[in-house]
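Comments concern the structure below.
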Amino acid sequence: MSLDSKNSITPTPRERELMMLIARGMQNKNIAYELKISENTVRAHIGNIMRKYRIQNRTQIAIIYALKAAPLALRRDLTRSGATPATVKPAQALAQNPRVPIAPE
């Protein structure tokens, strides 16, 4: 599934709320407490979001939320580049940003 088709999917207000809390790094039990729902309901919402966007993990939920919350100009730049972070090889990333600290071997 392309990034464009993921952008055309609209989360419900509750899903958006849950995505925001996941993007903030909250655990299921904290999300349940914050939203006044059970942990089972949180897990069900997460499962629904994963199926809806065809993704596999919470990190991807956070990324989708961040992209939807990002300013339009930034979203346009990201989609125009045509490159996803996975297509950039580590050596290329270091060449682009040589100040990245490298752990000693």
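Of everything in the range 24-69 that is charged (D, E, K, R) and assigned to a helix (DSSP H, G or I), the residue that is farthest from THR12 (Cα to Cα) is LYS29. Residues in the range 8-44 that are surrounded by 15 or more Cβ atoms within 10 Å (Cβ to Cβ), without any contact (Cβ under 8 Å) to a residue 24 or more places away in the chain and in contact with a helix residue (DSSP H, G or I) (Cβ under 6 Å, 6 or more places away or on another chain): LEU21, ASN28, ILE31, ALA32. Checking every residue in the range 50-68 against the condition of being surrounded by 14 or more Cβ atoms within 10 Å (Cβ to Cβ) and at pLDDT below 80 gives zero matches. Would you confirm whether or not the range 87-102 contains a residue that is modelled with pLDDT under 95, basic (Lys, Arg) and assigned to a loop (DSSP other than H, G, I, E, B)? Yes: one or more hits. In the range 50-75, the residues that are closer than 19 Å to LEU21 by Cβ form Cβ pairs under 7 Å with partners that are open to solvent by 70 Å² or more (accessible area, probe 1.4 Å) and not in a helix (DSSP H, G or I), at six or more places apart or across chains, as follows: MET50/GLN56.
The single condition from (1) open to solvent by 70 Å² or more (accessible area, probe 1.4 Å); (2) modelled with pLDDT of 95 or more that GLY47 fails is (1). Of all residues in the range 1-23, those satisfying the criterion of being in a helix (DSSP H, G or I) and modelled with pLDDT of 85 or more are PRO13, ARG14, GLU15, ARG16, GLU17, LEU18, MET19, MET20, LEU21, ILE22, ALA23.
The values are calculated or read from the model by the stated rules, or taken from the named source; none is laboratory data. If you're wondering where the values come from, they're calculated on a predicted model, not measured in any experiment. Every residue, glycine among them, receives a Cβ derived from its backbone with ideal geometry; neighbour counts consider all protein chains shown. Note: accessible area is taken over every heavy atom of the protein model, side chains too, but ligands, DNA and RNA are not part of it. Shrake-Rupley method; radii C 1.70, N 1.55, O 1.52, S 1.80 Å.
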